[in-house]
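Structure record follows, encoded as structure tokens.
The values are calculated or read from the model by the stated rules, or taken from the named source; none is laboratory data. Keep in mind that this is a model prediction, so the values were computed, not measured. Positions of Cβ are generated from backbone atoms using ideal geometry, with glycine treated the same way; all protein chains shown enter the neighbour counts.
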Amino acid sequence: MKQLTVLTAAAVVALGAAGAGSSPADAQEQFVVIGTGGVTGVYYPTGGAIQRLVNAGRADHGVRVSVESTGGSVFNVNAIRNGELDMGVVQSDVQFNALNGLVQFDGQGAFDDLRAVFSVHGEPFTVIARADAGVASFEDLVGKRVNVGNPGSGQRATMEVLMEAYGWTFDDFAQVSELASNEQSQALCDNNFDVMVFTVGHPNGSIQEATTSCETVIVPVEGDIVSELIDANPFYAYSTIPGGMYAGNPDDVTTFGPKATFVTSTALSEEAVYTIVSSVFENFDDFKRLHPAYSTLTPEAMANDALSAPLHDGASRYFEESGLLAQ
């Protein structure tokens, strides 16, 4: 089993401001690294919210969390598998694919040691087009300049699933860009492409940037092909982006998407995971206040929904003690 890093007192101090208020016991802290996503998405503040709640009690329980901005879901899974990260925020569809060795993970095979911890917010697949691009539906992307997202990101993963369902390849687009989420909004308004996609919780700063910096439309993603995709994959569901949330988009927009989930592997100890889960769920109201995307969360849904991998023993222990697991 992978051992968590044991920090010396000097190493704790060297890690900076997060070490403020340390006690002598900190010399034997368990150090857990969480992979998130781009700083403009919801994954990064999700990791930060977990970090804040866990580290607030580290003098008592000895677990300390650090958060890294990463390339997103696929990157996080691979880094956990390789031992470079301990935990990560991952789309529910990517979790399913990793566990079963499908799609992006076909070459690596099933990640049998992947473990679910809990689910978080919904992540509607969001398509934003320049208002002058003539895009009113997802089908209108054919022949357009499209930013499909950086390899390893959740938005790229969902886009590729949709493209396969529609029978499209990159050749169906006039131009393909692969910018990361923190770069795409400015590039859209600079007219470097017509459309960008983002699988993300709302409200989102990157989408706010795009909709306020230039004239854009949020494009619905619905119809028979999408319905068939949802029916075949229980980790997807229809969702709505509320009208008025973003400038220039007064009407509700129907789309679909996965959920964000928090995952780890069997390499992380039961006690560390139990401590992290209890730190979040025992301070649930504080957690919900840390981002608007969490406003509809419930403990029951987080313990049960959109979790394709088996629960980690530490998470299962906490949820059983708390009566949160569905019967």
Filtered residues of segment 165-188 (kept if under 21 Å from VAL103 (Cα atoms) and at pLDDT below 95): ALA180
Out of the residues in segment 204-247 that are in contact with a helix residue (DSSP H, G or I) (Cβ under 7 Å, 6 or more places away or on another chain) and charged (D, E, K, R), which is farthest from PHE96 (Cα to Cα)? GLU215
From the list ILE225, ILE230, which residue is without any contact (Cβ under 8 Å) to a residue 60 or more places away in the chain and surrounded by fewer than 17 Cβ atoms within 10 Å (Cβ to Cβ)? ILE230
Going through VAL120, VAL176, VAL146, VAL197 one at a time, which residue ends up being in a strand (DSSP E or B), without any contact (Cβ under 8 Å) to a residue 40 or more places away in the chain and either under 23 Å from GLY72 (Cα atoms) or aromatic (Phe, Trp, Tyr) (or both)? VAL176
So if I check each of ASP112, ASP60, ASP132, which one is part of a loop (DSSP other than H, G, I, E, B) and surrounded by fewer than 21 Cβ atoms within 10 Å (Cβ to Cβ)? ASP112
Condition check: over 30 Å from VAL273 (Cα atoms) and either hydroxyl-bearing (Ser, Thr, Tyr) or part of a helix (DSSP H, G or I) (or both). Does LEU162 satisfy that? yes
Go through segment 179-194 and count every residue that is outside any helix (DSSP H, G or I), aliphatic (A, V, I, L, M) and in contact with a Ser or Thr (Cβ under 9 Å, 6 or more places away or on another chain). 1
Scan of segment 274-295 for residues that are out of contact with any Leu (no Cβ under 7 Å at 6 or more places or on another chain), in contact (Cβ under 8 Å) with a residue 40 or more places away in the chain and outside any helix (DSSP H, G or I), ordered by number: LEU290, HIS291
Any residue at all in segment 262-284 that's over 19 Å from the mean Cα position of the chain (by Cα) and at pLDDT below 95? no
Any chance segment 305-316 includes a residue that's within 15 Å of HIS202 (Cβ to Cβ) and crowded, with 21+ Cβ neighbours inside 10 Å? no
